[in-house]
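A quick write-up on the structure given underneath.
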Amino acid sequence: MKKILLTIACLASMIVARADEGMWLLPMLQQFNEEAMRNIGCRLTAKDIYDINNASLKDAIVQFGGGCTGEVISQNGLVSTNHHCGYSSIQRLSTPEKNYLEDGFFAKSFAEEIPVPGLTVKFMKSMADVTDQLESLEGKAFKEKVAEIEKASNEANPNCQSKVMSFYNNNVWYLIVYKTYKDIRFVGAPPVSMGKFGGETDNWMWPRHTCDFSLFRIYADENNEPAEYSENNKPYTPVKSLKISLKGVKEGDFTFIMGYPGRTQRFQTAAQLKDMIETNSIRIEARTIKQKVMWDEMEKDPVVRLQYADKYAGSANGWKKWQGEELAFKKLGIIERQEAKEAELNKWINKKGSRKEAYGGAIEDIDKFITDRKEVYMNLILLSETIGNLDILAKYIAPKHFRAEDYNEEVDRKINKALFAFYLDKVSPEYKIQPEGWDLTKENVDEYVDSFYGENGAEVVNGLMTALRTVVAEKVGSINDPTFEVASKKYAASLLQWNKGKASYPDANFTMRLTYGTVKPYSPKDGVSYWHWCTANGILEKEDPDDYEFRVPTKIHNLIENKDYGRYADKDGTLHTCFLTNNDITGGNSGSPVLDADGNLIGLAFDGNWESMSSDVMFEPDLQRCINVDIRFVLWMIEKWGEAPNIIKELAFAK
């Protein structure tokens, strides 16, 4: 695909990148984005942001826990991220007697910081394009070359891990070098009533008043290198840490966000997008049932609430996002716009013989693959969302992944009965599991589930696993088609060539990216306009002591009522809680630093907005907004509620 590489390389001299759309690769900033960023207010160079030979901003950004982003904010290795990113770790450290999730916690010294088993943070050291070494290889030869590249890189970079990653649907390949730290300790977080204020009701919504942050610290060995937990380890001394600005933001201010966006679908066809919406509908139905059982039981018992807090939150986030996505697809005509785009693309392809030879048939091959696999895929999604990932399976089959502290047998029994009934109602007959000795029906499903918890529970669960494996083994092969990968690669290549002369960025894939734009309000519909900020006054306006999602601790209520904001008050005298930018983010960006024109920390990205839930597929400049917690709200919570001046003292503030 030398033509593709040439297309990407020559963009630099021809493009003016948008000031909002894009999840940009850091090595390309100087070519693609530096001038555009400077034109809207950035005062940094591309090398200030990404430099593999000198300290740069990328050295302060970490992949947190494998699914979020964090940033180093002190020379003692202090890391900030979102509360919902630290949620699982905080829940696992909590007990009914010491409930850090419900009650909040701030360590007053290094000695009070709590080790978090299994939690890691990962620094990206470098990215290098290796496409020229791989583009002519296939199959075994390709895999062997990848292994050779990674091995050589690991030998050249002690204590690091090297990974070859694909971009643009396997048209471009980068070697990325990471360094992973394994001794991470919990430093602090607000109570869940503030860290998750508004709960699922406010999730993806604006205005917002959630103090969505948590703090952890990286520890290292005597050489400042990664090490397993040890009492002898010391706080990590970073190559780079972020300074904090207390100036606040105003409309039009330049902002940029660095982080690890998870997955986008901007190089997919209309058929793939339709398929995504249809499969999401199964997930929504299944999770609605599961979450209702969880919530009802959590409301009855605070112990159950702690046990199932993380499970509920993890399920509900996707559940609500998919509902918003479906609504946005309809309202914004996403499928119709994609179909129109493909029609124009096909016209361009068919105009020239060489184009037809290179790219012709790609869209049609993808469509055929999606159609042919539809029934089996829908049934496998149904299986995975219902009985394919039950706690009872982990208890007997994978005990190392099972936590008795997060398990309640009666709640588990109720969830499993509800999910099995839903599965039997939806599954196609030829895909139905057949556990030995059982012909599952709606009439006997409760009896079958009850048998998991009897004397022969392990034997019954093993029989279920055998039945699950049989279905998967028989059916999964039919959805693995090499022609799909070829077609997907050709489709992305055609888009790049068709848009030659326009800036291009690949789909998100949990690699570090940068997105830039400005502080910006929006109008979701006729007659409605939103400010770009909101204040602590909204916390008291939403407060409802009878609603778990909108409880406000007495101390917080009094601090706000008395306007006790200290140096964290805005010029208008209020405490700003959150603000909006038009930065282009997705899942995985949670916890990412929001930076000003000089690279100072002004907030943490934590959400998108409801009206643009189709943004993983198409960027909507008039609607799409990034919701960020104001760093002043974070620091106010640490100082005024947490009474942790030790944490404030180790931070560096921009003048």
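Being among the charged types (D, E, K, R), surrounded by fewer than 15 Cβ atoms within 10 Å (Cβ to Cβ) and at pLDDT below 90 is the filter here; which residues of the range 453-486 pass it? Of everything in the range 453-486, just one residue is among the charged types (D, E, K, R), surrounded by fewer than 15 Cβ atoms within 10 Å (Cβ to Cβ) and at pLDDT below 90, namely E474. The conditions of being β-branched (V, I, T) and assigned by TED's automatic domain parsing to the domain that holds E326 are met by I289.
Conditions (1) of a type in the set (S, T, Y); (2) in contact with a Gly (Cβ under 9 Å, 6 or more places away or on another chain); (3) surrounded by fewer than 17 Cβ atoms within 10 Å (Cβ to Cβ); (4) at pLDDT 95 or above, marked per residue:
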| residue | (1), (2), (3), (4) |
| --- | --- |
| Q133 | no, no, yes, yes |
| K140 | no, no, yes, yes |
| E144 | no, no, yes, yes |
| E148 | no, no, yes, yes |
| A156 | no, no, yes, yes |
| Q161 | no, no, yes, yes |
| V164 | no, no, no, yes |
| Y168 | yes, no, no, yes |
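Selection of the range 193-216 for residues being part of a loop (DSSP other than H, G, I, E, B) and more than 27 Å from I647 (Cα to Cα) yields N203, W204, M205, W206, P207. Sub-7 Å Cβ pairs linking a first residue in the range 234-247 that is of a type in the set (K, R) to a second residue that is part of a loop (DSSP other than H, G, I, E, B) and crowded, with 16+ Cβ neighbours inside 10 Å, at least 6 apart or interchain, are K240/S56; K243/N600, ordered by first then second residue. Name the pairs: first residue in the range 161-179 and at negative phi and among the small types (G, A, S), second residue crowded, with 19+ Cβ neighbours inside 10 Å and part of a strand (DSSP E or B), Cβ to Cβ under 7 Å, at least 6 apart or on different chains? What qualifies is S162/L175; S162/V177; S166/W173. Going through (1) assigned to a helix (DSSP H, G or I); (2) β-branched (V, I, T); (3) closer than 30 Å to T581 by Cα one by one, T255 falls short only on (1).
Restricting N39, N53, N76 to residues that are surrounded by fewer than 23 Cβ atoms within 10 Å (Cβ to Cβ), assigned by TED's automatic domain parsing to the domain that holds F110, polar (S, T, N, Q) and farther than 30 Å from N646 by Cβ narrows the list to N53. Within the range 487-516, being surrounded by fewer than 20 Cβ atoms within 10 Å (Cβ to Cβ), of a type in the set (S, T, N, Q) and either farther than 25 Å from S590 by Cα or free of Cβ contacts under 8 Å to residues at least 60 places away in the same chain (or both) holds for Q497, N499. The condition of being exposed (fewer than 15 other Cβ atoms within 10 Å of the Cβ) and over 13 Å from E200 (Cβ atoms) holds for only one of D310, D301, that being D301.
All told, D544 falls short of being in the same structural domain as W206 (by TED's automatic domain parsing), assigned to a loop (DSSP other than H, G, I, E, B) and in contact (Cβ under 8 Å) with a residue 40 or more places away in the chain.
The values are calculated or read from the model by the stated rules, or taken from the named source; none is laboratory data. Keep in mind it's a predicted model, so treat the numbers as computed, not measured. We place every Cβ from the backbone using ideal geometry, glycine too, and count neighbours over all the protein chains shown.
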